[in-house]
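For reference, the structure is listed below as structure tokens.
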Amino acid sequence: MTWRVEWAARWKIFSITCEPFGKDHAASGGSYDVSSIISQEIFDYRAPYPVPYEWITLKGEAMSKSKGVFFTPTQWLEIGPPESLNYFLFISKPMKHKDFNPEMPFLDFIDQFDRVEKIYFGKEQAASGKEEKKLKKIYEMSQIKEREELPFRPSYRFLTVLYQIAGDNIEDVYHILKINSQLDPEIADKAFKNLNASQKNQLKKRVQQVQNWLEKYAPPFVKFRVQEKLPSVTLSPEQEAFLNDMANLLENDDLKPKELHDEMYNILRKHDLKANKAFQAIYKIVIGKKMGPRAASFLLSLDKDFVIKRLRREA
């Protein structure tokens, strides 16, 4: 059958009562109007309720398989949970334009999805009662199956750093999450062996998704590798003094990420050093680049003895 006849036939065969479709089919005299007449007059079936939607673009371009501009649900599931795809579709009105970018904007999107998930399970506060009601309803509609508790999904963004340090060794990943206070308080006190099977599987799945994102969509500046040997770098006297004081601080204190972050600023101000120059010194000697992940959490994710020696340029 031709397209418009087949569409009408499918409505009756599958007892369709609501049909979403792209805005091009919703034009006056277009596919929906013609198929509705065919459905009513030939198949004696009332046309389903129409829900036209705006096209979804990919990095600003209209999707076209023939032009190689497309992103499939299978590709989405490689980097994110299925509920996040539904959330992407439901978060705005159908006729509002949606653009998807699997590169850096995807991290912002996953941060947003995780926040909504925490709001739904009462682990985070919404900005207002109105926002809470709206987000909870959208999250509920996005679910594949009902959940009774918050899924164990540590920060996706932070895991992009951890994976490049610990790889897919889930126990090491969990240990670093714990050191950096990146776990829900109800989980933070548990050893990895005490997590239930569901929590372990959820963590493994998220790490796998992060790995896929890094390999396929992460821009070069996000990727790094801890250098086994001290890179050959030129530092100013102020940068060297900053690194030495950082080494002394880490050697004598066990700090949380926020505490270390604050102390780093105290030290750089002490040496009249701009923040970007101070952080560049850290990144240059550890990963051989001028930019890197958030410095405090990053340093605490590495072996303490290694970090102290590297800050002193001893190894």
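The values are calculated or read from the model by the stated rules, or taken from the named source; none is laboratory data. For clarity, every value in this text was computed on a predicted model and none was experimentally measured. No Cβ is skipped: glycine too gets one built from the backbone with ideal geometry, and neighbour counts run over all protein chains shown.
Things worth noting here:
- From Ala9, Ala47, residue being part of a loop (DSSP other than H, G, I, E, B), surrounded by 16 or more Cβ atoms within 10 Å (Cβ to Cβ) and of a type in the set (A, V, I, L, M): Ala47
- Any hit, the range 147-164, residues being in contact (Cβ under 8 Å) with a residue 24 or more places away in the chain, within 21 Å of Ile56 (Cβ to Cβ) and among the hydrophobic types (A, V, I, L, M, F, W, C): no
- Count of the range 54-78 residues which are out of contact with any Gly (no Cβ under 7 Å at 6 or more places or on another chain), closer than 18 Å to Pro94 by Cα, touching a residue at least 24 places away in the same chain (Cβ under 8 Å) and of a type outside the set (Ser, Thr, Tyr): 4
- Filtering the range 71-115 to residues that are charged (D, E, K, R), modelled with pLDDT of 95 or more and either assigned by TED's automatic domain parsing to the domain that holds Pro20 or not in a helix (DSSP H, G or I) (or both) leaves Asp99, Glu103.
- Residue in the range 50-64 that is in the same structural domain as Ile110 (by TED's automatic domain parsing), part of a helix (DSSP H, G or I) and under 30 Å from Asn212 (Cβ atoms) present: no
- Meets criteria (under 21 Å from Val222 (Cα atoms) and either of a type outside the set (Ser, Thr, Tyr) or part of a helix (DSSP H, G or I) (or both)) for Leu150: no
- Exactly one residue among Lys118, Lys123, Lys130, Lys134 is basic (Lys, Arg), in a loop (DSSP other than H, G, I, E, B) and out of contact with any His (no Cβ under 8 Å at 6 or more places or on another chain), and that residue is Lys123.
- Taking the criterion of being in contact (Cβ under 8 Å) with a residue 12 or more places away in the chain, closer than 17 Å to Ser301 by Cα and among the polar types (S, T, N, Q), the residues of the range 169-227 that qualify are Asn180, Ser181, Gln182, Gln227.
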